[in-house]
1. Between rounded, prolate and oblate, where does the range 156-233 land on the alpha carbon gyration tensor, with a ≥ b ≥ c its root eigenvalues, rounded for a/c under 1.5, else prolate if a/b exceeds b/c?
2. How much solvent-accessible surface does residue 209 expose, in Å² to the nearest 10, with a 1.4 Å probe and all protein chains in place?
3. Roughly to the nearest percent, how much of the accessible area of the chain is carbon and sulfur, given a 1.4 Å probe?
4. Along its three principal axes, how long is the chain when you only count alpha carbons? Whole Å, largest extent first please.
5. Can you compute the modelled spin-label distance between residue 82 and residue 63, with each label point 7 Å from Cα toward Cβ, in nm?
6. Please state the charge dipole magnitude for the range 143-233, taken about the Cα centre, from unit charges on C-beta atoms (+1 on K and R, -1 on D and E), reported in debye and rounded to the nearest 20.
7. For the chain, list the cysteines whose Cβ sits under 4.7 Å from no other cysteine Cβ?
8. For the charge dipole of the chain, defined by +1 on Lys and Arg C-beta atoms and -1 on Asp and Glu C-beta atoms about the Cα centroid, which residue among 116, 165, 55 has the Cα displaced farthest towards the positive pole?
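The values are calculated or read from the model by the stated rules, or taken from the named source; none is laboratory data. Bear in mind the structure is a predicted one, so any value in this text is a computation, not a measurement. Heads up, the Cβs are rebuilt from the backbone with ideal geometry, glycines too, and the neighbour counts pull from every protein chain shown. In case anyone asks, the SASA skips ligands and DNA or RNA and just uses the protein heavy atoms, side chains included. Shrake-Rupley method; radii C 1.70, N 1.55, O 1.52, S 1.80 Å.
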Amino acid sequence: MRALLPAGRTALYDEAFQTLKELGAVYPCWCSRHQRLAASAPHPGEERDRGACACRKLSRAEQEARAMVRPPAWKAAMPHETISFDDLCQGRQQFDLARDCGDFVVRRADGVYGYQLAVTVDDALMGVTRVVRGRDLLDSAARQLWLMRLLGYCAPVYGHVPLLLAGDGRRLSKRERDLDMGALRERYAPETLTGTLTTLAGLPAPAGRCGPKELIQNFCWDKIAKNDIVTEL
């Protein structure tokens, strides 16, 4: 398998990046992080491409002049094209790549590759056939499916599950010192913790307890909640 080559993963990302360049699917960008964030946040009621970027319209001469000052990052040039897929949890999904996803950084100015390209290459070369993750990454599936098609990869099946939110509606995180699995294990017995999470997800957990065997027997994608879940765990 190519993923095991001693040259390391960077060589694999380099190859994929060169393919995208040859296809004209990426362009150099000299925007600062502040400018990139501002471009992706339209005012309420304003409709425009999330990926609008002045660097996308630079001439070859302008690109060469800027490259003499500092190296660019490289962005994927999202077309107005609809990507559709059936999500195991969220059902049928459709995204206009330019409007809903926007251009995104494929390689930073320091040469480090971004999440979207790296995970696309990794999943494909490791033969991943099913990806289950949080629904906050739902629009990432559209980006990755687009990349996989351009790179000639077989796409996996996606399942985007709801997130657990704190009582105030924010996403649970270590940064906010929310309880992690280690702390929860100290507070709850394994079957009780699994049962609580199973019930929150929308699956049956008799007497509030659930072990691996019962979870497998009762699991059904159609029963999994689609919206994020507020919890006071």
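1. In terms of gyration-tensor shape, oblate.
2. Result for residue 209: roughly 120 Å² accessible.
3. Values: 7290 of 13760 Å².
C and S fraction of accessible area: 53 percent.
4. 70, 47, 34
5. A separation of 3.1 nm, rounded to one decimal place.
6. 320
7. 31, 53, 89, 101, 154, 210, 220
8. 55
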